[in-house]
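See structure below.
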Amino acid sequence: MEALLGFLIFGVTIGVVYGIVALGISLIYTGLDIVHFAHGEIYMFGAFLGLVFAHQYNVPYWLAILCAMIVTGLLGIVIERVFYRRLTRAGGGYTVAGMGMIICGFGMSVVLQNIAFLIWGADAEPFPVNFGMPYQIGEIFLPKSYVATAVAALVLMGGLHVFLKKTKIGLAVRAVAQNKDIAFLMGINVPLMISLIFGVACAIAAAAGVLIGPMQSVQVEMGYLMLMKAFAAAVVGGFGSLPGAILGGLLVGIFENLGAAYISGSHKDIYAFLLLILVLMFRPQGLFGVEAKVKA
Amino acid sequence: MALLETRMLSKSFGGLRAIQQLEMDVEEGSIHGLIGPNGSGKSTFFNLVTGVYKTDPGSVVRFAGEDITNFEAHEIGRRGVARTFQLLRLFSEMTVLQNLLVGYHTHTKYAAAAPIFRPRSVVRADQEASESMFELLSIIGLAEFADMPAGELSGGQRRLLSLGRAMAMRPKLLMLDEPAAGLSPTNVDVLMGIVLDLKKRYGLTLLIVEHILKVVMDTCDRVTVLDHGQKIGEGAPHEVKDDHAVVEAYLGKEMSDEEVRAAFAKAAR
Amino acid sequence: MLEVRDLQTGYGRIKILDGVNVSVAGGSIVTVLGGNGTGKSTLLKALSGLIPVWDGEILFDGESIANLRPDRIVNRGLIQVTQGKEAYPAMTVEENLMVGAFTRSDKQGIRRDLDKVYDYFPALQERRRQLSGTLSGGEVQMLVIGRGLMANPRMLMLDEPSAALAPQVVLNIFANVYRISQSGVTILLVEQNVRMALLLAGYGYIIRDGRVLIEGPAEELSGDESVKLSYLGGTVASREQMSS
Amino acid sequence: MKMFSRGLVSTALIAGVLVVHTSAVAGTIRIGATMRMISENGQKYGQMVADEFDLINKNGGINGNTIELSLLNDECKSDKGVANANKFIHEQKVHLIIGSTCSSVSLPIVDVTAQARVPQIIPHSTNAKITQKGSAWVFRVPVSGRYYAGVNAKYTGENIGTKIAYICAADAASQNDCDAMQDQMRRQFNAEPAYVAQVQEKEVDFRTHMLKIKSANVDGIMIAALAETMSRALLQSYEAGIGKSVRRIGSSSASNAPVPKIAGDAVLGVFYTAAYAAADKRPIAQLFNQMVRDKYGIHAPDHDFSQAYDLVRIVEIALHRANLNLSDGSLAADRTAIRDAIASVDGYRGLASGPISFCAAPTPQCRDGNKTPVLIHYTKGGEEFETEVLARVPMPINFGLE
Amino acid sequence: MNLVVTLQGVGGFFGRMERTHPLLPWLLAIVALLPLPLILSGLFNDYYVYLANRICIFIMLSVGLNIVKGFCGQVTVGHVGLYAIGAVTAAILSTNFGFSFWMTLPAAIFIAGLAGVVVGVPSFRLEGAYLALATLGLGESVRIMISVTPYLGSSTGLGGIPAPSAFGFTFDNFTRYYYLVMPIALVGIYLSFAILRSATGRAFQAIREDTIAAAAAGINVRKYKLLAFVISAMYAGCAGAMFAHMRPGYIHHNNFTIIEMVTLLLMIVLGGIGHVWGGVIGAIIVTIIYDQTKDFYFYQPLLFGSSMVLLVIFMPQGIGGLIDRYIVTQRFIDARREAGDGTS
C-alpha cells in the first residue's frame, strides 16, 4: 500500500512536468496549427537558462524560473517569426503544411540541440537546489522538491487559466486559436498574438525544464524523451485542450510509473507510447478532448 | 425499377438533423434534379449515398436493387455510382490523364501487387486504359492537356476534368454536385451539352444538384425539393414550380414586397 | 464612403475578381448580388485585407486601405461580419461579443454597445452565458452581427446573413440590419437572396465571373427581366419567377 | 526561374563541399582516432591525445618521423565508428587506429581492423568480449571488465553483504560490468541478485526502481551506468528514502568527474573499481593531476584520462621500437611492425596502478594489458570531490575467462 | 534551357529503350554501374566503395520511405524502427539459426512487412501530425525493445553476422558487397518506378491528394494505405538485412535512433518528396556530404538541421521537384502555345 502510494507520488511529480510541457505543445497546436517537434529542445534551453541564472548570477530559484521563462519566451518568438511564420503563411498542401512542418520541427530540434551543445557542452550539469529535509509521513518519503514542483506547476496552470479566461489579451489569444480569419476581422493583431502564443508556450516549457532540473540534472539531450512523453500527454488529454494536457500528463506519469512498478521496469519508456497509440486508435480526440481536430 | 432508392434516410450532426427520413427514387435512365435552399441537405444527401458519411440507424440506401447502406465509399464507387464534388477535389499534382486513370481504377485488370513485377499483362492493361481514357478526354475536350498537372488548368477546364474523372469510372449513376457553379452562361450550355451527350452515349442515369434553376428546369425529367433535410416536393419540373409547399419554403410566408418593407420600418422604430 | 476601383484579386494563381468597381455612399445600404462562386466573398475578403489585392484601388473615407493588415482596417471602422457558421463555438455568447470589442478600451462605451446589441437581439441576452456552439443557426447569425457591432463600426459588411436560415428568421435579421443602418452605420450587404436584399438596399450590384455585370437602384434591378432570368437561383426565386 | 537559380546555387554549394582529400605523405606516421567527441570528457581526452602527439612531434618526433593524428567523432554509434575506421584504413591509410571509447563501437571495429590487418589500440572500452574475439590486431590499455567485477564482488561480499540490487544501463560497458558482477557474486558467494533493473542508457527517472529496492531491504545497490545516468540514480536513491546504511556500488564509470559533480553529496561512500585513482600518492600521478588541472581545467583526472595518457605513451614506445619504412609500398609491413612492437611492450609502468604488458598471442590474456584494478571510494562530493584508495589488486591473467 | 533539352533527351532515350523491353534500361544501368568500384578505388580509394555500399543501403531506405511518404502522403517517422526490425531479423536468423543471406533477406523483408502492417493500421484513423506521433512512438518503441532485450542484442549489440555467399563466392569486402547491394538497390528503384506508374501508384497518389475523392473513385483507401506502408516496410527490411550482413556484420540499437530518422528525412526532403529519383539523389548527396564534413563534427548537426529547415522553407519540392517543375512548366508553355489559348 505504501509502495503504491510512493509510485503514485512519483507518477504525479513527473506527470505535472509532462503536463506543463504538453500544455505548451497544445497551445502551439491550437494557436498555430502546428505540432511542434522542437518543443523538447525549447524545454532543454529553458532548463539551461534557469541553470545559468541560478548558478552564474546567483538568482533565487523561483526567480530563475521566471527569468528562464522570459528569455526562452523571447527566443521562441524569434524562432516563430523567422521560421515558422513563413511556413504557416505558405498554407496548405501535403509538402509544406503537413509534412513540412514536421520536418522543419525535426530540423529545428537538431539545430537547437547543437547550439546548446556548442554553448554549454554535452555533459550533464547538476542543478542542486536545497529544499531542506524531505517530509516523512510514516514510511512515505516525500522530498520537498516534489512538493515545490507540484506547487509551481499549479501556479503556472492557474496563471495560464486566469490569463486566458479573465484578461482581454487572453480572450484575443483564444479567438486567434479558434479562428484566425475572424480574429483578424475583429481587429485583433493576429501575427502578434501568434507570436505571443508561441512565446507563452515556450516560456512554460522553460518552467518545466527548470522545475525538473534538480530532479534529473540538466543535459543537452534531455529534450527528446520529454517531448515524446509530453506528446503522449497532450494526445491522451486531447490535443488542444489545456486542462486535458495537464490531466494527460498526470495520467502518463502515473501509467508509466505503475507499469514500471508492476509490469516491467525495463520497458518504462514504452508505456507512454503504448498509451499514446491506444488512445490514438480508440479515441483520437483524447480522453478529455471535446472534438478531434484531425488535419486532412 | 428505380436505380437508386433511399428509405427512411436520416443523418444528424450533433443535434442538427441534416437529413430526416428521406424517401427518394431515382429512375433508371432519368435525369433527376435535387434542389433546395442552402443548407437544406443536398450535399449531405450526396455524401450519404456515396459513403462519405455514415447514415443514422434505420436508413436504407439501395442501388440497382442491392442494399448499399453504409458501404465503404470505394465499394459504392465500384458498383457504378460516380460523383463530382462541389469543390471539385481534383488530384491537382497529377496530370489530367492520371486523374482519369484514377477514375478508371476499378476497371484495372490486375491485382494491386502485380505491378511490382510489371509483367506484360500489366503493361498491356495500362496501355488499354490510357487509350480508352484518351477517348474520353477527346469527348470532354481536354485531350491536348493530357500531360498537364490538373492544378494548372483553368476553372472551366477543371469542372470538365472532374466530370471526366467521374465518367472514367464507367458509372451507371452519375451524381453531379453543382456542375455549373461559377461558369459563364455559354460555358454552362457547353457543359450541359457534354453531360447530355455522355448520358446518351453511355446510357447514364443522372442526379444533379444545381443552383441555377434554369439548368434544372431545362434538363431534368424529375425534380426533388429539399428543405431542412426533408422532402417538401417532388415531380416534373413544371409541377414542382407550382407546388404550394415548395413556394412556401423558398419564400416564407407569402408576403408582398410592401409587407416586407413595412416589417423593416416597424423594426426601425 | 467606400470606393472600389478596378479591383483585381484571387487565390494563388487563380484570378477571381477581374476589375470590380463598387461605391458605397455614407449611411446607405448597398447590396452585392451573385450566385455561388461568382466572387462575392472574395470581394469582401479583399476589402477586409484577408487576401492581397493584386491591382486596383480601395478607398475608405478617401484613404487607400488596399493591402493593409486586417486589424488596421478594422481600426478605421470598416468591419466585416462573416457568415453565420463562423462564431467561436467554444466561447460563450458574451465572450464572443467581447472579442468584437477587442480594439476598444472605453469600458462604458463597450457596456453601452453590449446593451444595444442585446436590445437588437434579445435572444442573445437570454443565452449570454451559453457556449455559442449550442445556439441555433439564426441565433449564431445574430451573434456574429452583434459581434461586428461591438467594434463600433462606421461601416458594416455582411456576408450572406440569410444563408441557410428559415424565411421568418431572415426577415427578423434583415429588419435588424435596417435598424442598424438607421442608427447611422453604412451597410454593404453581400447576398444570394436577391429579393430580400433588393427590398432592403437602396442600390445594388450584380457580379458574375469576377466583374460587375449590372448595377443600379434596387427598384430598377428588381424589375429587370434579365436579372430574374439568369441570376435567381433556387434560394432566391420569387413566386413569380418560379411560375414563369 | 528564381526557383531554378536557387537550385543551381544549392548544387554549387554541394559541389564545393566535395573537396578531394590530400593524399598520404610518406615519412609521417598516420594515426586515426575515433572517439565519442560529442561529450565533454570525450572532447578533452581527444584533445589530450592530440596534444600529446603534438608534443612528441615538437620534441623531434619518432626516429625523425612525425605523427599525423586524425581525430573523428563516432557519437558512440557502431555504424559511424565502422565508417570512421574504414575511412582511416582505406582513405587515410593509417598505420594505427586508436579507439573507440565506447565498447559497442570498439566491438565491430575489432573485426574491421582484423580483416584489414591494421593495429588497433583501445583507450577505454571495458567490455570483455573485445579481446575475446581473438583478433591478433587489437590491444587494450584499460582494465577489462572481468577484473573489475572480481574485485568489486570480493569487497562487497566480504564487507557489505550479499543481498545486492542491480541497476544496469543499456550501454555495452555498463551491461558488461553489471553481468560480470552478478556472475562473480554467484561464483564467490553463491549469491543471487536481489533485484535487477534494466534501464535505458540515458534513463532519467529511477525512482520506481529505487522504491522497489527499498522494500527489498538490500545490503547494497550496484549502479552500472555511464556517469550522468549513474549520478541521477544515486541522487534519486536518496529521494526514494534509501538510507546511508545501504552501500552504493558504482561501475567503473563512477570514476568519471561528472558523477561527484552532479550527484554532490550522494556520492559519499560510493565505492568502485577503476584503473587509476587521482588520490594516488606517486609523484607521476601527482604531476599528471597537476598537468590535467592546468591544461584542461579539470579538478582531478579520472581513469579515462589516465588511460588515454598511458595509451599515448605505449604507442610512443612501440613506434620507437618498430622498424618503419613509411613508404607507400611498405604500409602493410609497417602496420605489422607496429602491431608487433605494441605486443612487445612488457611491464610498462605509467599512471595505471599496475604494470601494463602485452604479448603476441591473440588472446585476452595477452591483449588485456592492465590487470590491476584499484578499489576507490568517495570521501567528498561536488566539483572539488575527493577520493580514497581502498586497495590495489593485481589479478591473475586468466581471471574471468574460465 | 539546355538542361531541359538534355533531360528530355535522356528521358527519350530511356523511353525508346523501354519500348524495346521494359527491363532493358535497367539491365543497361546495372552494366554501366559494374565498373564503379574500379573507378572509385582507382580515382580515390577503397573507402569510396564502402561509401557506395552505404549509399545503396540508404537508397533502399529513402526510396522505400518515399513510397509511403511521397506517393501516398502518409507522414511516418517510424521508418528506422522497421529498418531495425529488418536488421535484427537478419542478424538473429543468421547467427542463432545459421540461415544464409538468401534466407535471411526474404525473412527480414517479410517480418518488416508484417511490422509495416502494425505501423500502417494507425493510418486508417489518423492523419498528419497525429500519424507522425503514432509512428514516432512505434519506431522508438522498437529501439527501446531492442535495447532492453538481451536476445535482440541489448546493449552489446549483435555481432558475428556472416557475410553472404553464393556458389563459393563470399561477399566479404566492399567491392564484392557492392555487387550484391548495387543490383538490389537498382531493383528497388525499378520496382518503385513500376509501382508509381501502375494503377497502384496512381491509387497512392490519389490518396495523397484527396482521400475522399480517391474513395469516391472506387479506391479502397485502407487497402492501399496499408499496401504503401507494407511495401515501404519491406524496403526498410531489405535495407536492414543488407546493413546487418555488411562487414563487419554488427548491429547495435544505437544505429536506429531518431538522429538516423532525421538524416533519412533530410535525404528525401533534399531529393524531393514524391520523386523516385529524389530519394536516390538525396541518399547520395547526404551520405557524401555527411562523410566529407566528418572533420567538423561539432557543427555537423547544425549544418544538417538548418539545411532541413531552410529546404522546407525555400525549396519544399527538393531537387527532384525543381527539375520536374521546370520541365512541366516548359511543357505547359508549349502546350498553351499550341492550343492557342484554348478554353481558359
To the nearest 20 Debye, how big is the dipole of the range A:77-189 about its Cα centre, given +1 on the beta carbon of each Lys and Arg and -1 on that of each Asp and Glu? 700 debye
Quick one: compute the contact order of the range E:51-256, relative version, from alpha carbon pairs under 8 angstrom and 6+ residues apart, as a percent. 45 percent
Which of the aspartates and glutamates could be linked to D:Lys80 by a straight reach, that is with a Cα gap under 12 Å, when you skip same-chain ones fewer than 8 residues away? E:Glu260, E:Asp291
With θ taken as phi - 60° and the coefficients 6.51, -1.76 and 1.60, list the Karplus ³J(HN,Hα) couplings across the range D:72-88 in order, rounded to whole Hz; mark glycine and proline as x. 10, 9, 10, 6, 6, 10, 4, 5, 6, x, 5, 4, 4, 4, 5, 4, 4
Can you tell me the Rg and the Dmax, both Å, for the Cα atoms in chain E? 20.6, 70
Could you tell me how many degrees, from 0 to 90 and to the nearest 10, lie between the Cα long axis of helix A:101-120 and the main elongation axis, the longest principal axis, of the Cα atoms of chain A? 50 degrees
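Can you check what the Kirkwood hydrodynamic radius comes to for the range A:163-296, Cα pairs only, in Å to one decimal?
Final number for the Kirkwood radius of the range A:163-296 is 16.6 Å.
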Given Cα positions, please report Rg to Rh for chain B, the hydrodynamic radius being the Kirkwood one. 1.03
Let me know the mean shielding of D:220-228 by other chains, meaning the per-residue number of their Cβ atoms within 10 Å of its Cβ. 1
Rounded to whole Hz and in sequence order, give me ³J(HN,Hα) for the range D:219-229 from the Karplus expression 6.51 cos²θ - 1.76 cosθ + 1.60, θ = phi - 60°, writing x for Gly and Pro. 8, x, 10, 8, 10, 9, 6, 5, 3, 5, 4
Please express the Cα-Cα pair-distance distribution P(r) of the range E:258-331 as a list of whole percents, one per 10 Å bin, running from 0 to the bin with the greatest distance. 21, 49, 23, 6, 1
Using unit Cβ charges (K, R positive; D, E negative) and no other charged atoms, how large, in debye to the nearest 20, is the dipole of the range E:51-256 about its Cα centre? 220 debye
Which whole number gives the average count of other chain Cβ atoms within 10 Å of the Cβ atoms across peptide E:291-302? 6
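When the dipole is taken about the Cα centre of the range C:84-152, and only Lys, Arg (+1) and Asp, Glu (-1) are charged at their Cβ, what size is it in debye, to the nearest 20?
120 debye
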Under the helix-only model (-39500 (n - 2.57) for each DSSP H run of 4 or more, divided by the residues of chain A), the mean residue ellipticity at 222 nm, to 500 deg cm²/dmol, is -23500 deg cm²/dmol
Among E:Thr329, E:Thr156, E:Thr175, whose mean-square fluctuation peaks in a Gaussian network model of chain E (Cα, cutoff 10 Å)? E:Thr329
Semi-axes (Å, rounded, descending) of the ellipsoid equivalent to the range D:147-302 per its C-alpha gyration tensor are 26, 18, 14
Top of E:Val181, E:Val309, E:Val269 by mean-square fluctuation, Gaussian network on chain E, Cα under 10 Å: E:Val309
Can you pull out the cysteines in the protein assembly as shown that have no other Cys Cβ under 4.7 Å? A:Cys67, A:Cys104, A:Cys202, B:Cys220, E:Cys56, E:Cys72, E:Cys238
Calculated diffusion of the range E:109-210, Stokes-Einstein form, Kirkwood radius summed over Cα pairs, 20 °C and 1.002 mPa s, µm²/s: 123 µm²/s
Please compute, over every Cα-Cα pair in the range C:84-152, the percentage with a separation greater than 17 angstrom. 30 percent
Mind checking the mean number of beta-carbon atoms from other chains within 10 Å of the Cβ atoms in C:69-82? 4
For the range D:298-402: span of alpha carbons on each principal axis (Å, largest first): 56, 37, 18
The set of residues whose placed amide H lies less than 5 Å from the amide H of C:Tyr205, leaving out same-chain residues fewer than 5 positions away, is C:Thr31, C:Val32, C:Leu33
If N is the residue count of the range E:51-256, its Cα Rg over 2.2 N^0.38 Å rounds to 1.03
Report the dimensions of chain A along its three principal axes from the alpha-carbon atoms, largest first, rounded to Å. 60, 48, 37
For helix E:101-120, report the angle its Cα long axis makes with the longest principal axis of the Cα atoms of chain E; keep it between 0 and 90° and round to the nearest 10°. 60 degrees
How big is D, in µm² s⁻¹, for the protein assembly as shown by Stokes-Einstein at 4 °C and 1.567 mPa s if Rh is the Kirkwood radius over C-alpha pairs? 36 µm²/s
So how far, in whole Å, is the C-alpha centre of the range C:69-102 from the one of the range B:119-153? 49 Å
Non-local residues with an amide H under 5 Å from the amide H of C:Gln80, with H modelled 1.01 Å from N and Pro and chain starts lacking one, are C:Met157
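Let me check against my output: what whole-number percent is the relative contact order of chain E, with C-alpha pairs under 8 Å and at least 6 apart?
27 percent
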Using the Karplus curve 6.51 cos²θ - 1.76 cosθ + 1.60 with θ = phi - 60°, work out ³J(HN,Hα) for each residue of the range A:267-274 in order, rounded to whole Hz, and write x for Gly and Pro. 9, 3, 6, 6, 4, 4, 5, 4
Pairwise Cα inverse-distance average, inverted: Kirkwood Rh of chain C (Å): 18.3 Å
The range A:2-282, relative contact order [Cα under 8 Å, separation at least 6], %: 40 percent
Whole angstrom only: what separates the Cα centroid of the range D:277-352 from the Cα centroid of the range E:229-260? 37 Å
Of E:Leu311, E:Leu28, E:Leu51, the most mobile residue in a GNM of chain E (C-alpha springs, cutoff 10 Å) is E:Leu28
Calculate the length of the line joining the C-alpha centroid of the range D:124-180 to that of the range E:186-201, in whole Å. 51 Å
Rg [Å, one decimal], Dmax [Å, integer] - the range C:1-121, C-alpha atoms: 16.1, 47
Interchain or sequence-distant (5+) residues whose placed amide H lies within less than 5 Å of the amide H of D:Asn65 are none
Could you list the square roots of 5 times each eigenvalue of the Cα gyration tensor of chain D, that is, the equivalent ellipsoid semi-axes, sorted largest first and rounded to whole Å? 38, 26, 20
Kirkwood-Stokes translational diffusion coefficient of the range C:1-55, alpha-carbon pairs, 10 °C, 1.306 mPa s, µm²/s: 135 µm²/s
Between 0 and 90 degrees, rounded to the nearest ten: what's the tilt of helix E:24-33 against the longest Cα principal axis of chain E? 50 degrees
How far apart, in nm, are the 7 Å Cα→Cβ label points at D:Arg293 and C:Arg5? 8.3 nm
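Where a number appears in this text, it was derived from the coordinates with a stated rule and is not lab data. This structure is a prediction, so every number in the text was calculated from the model and none was measured. Cβ sites come from the backbone with ideal geometry, for glycine too, and all protein chains shown count toward neighbours.
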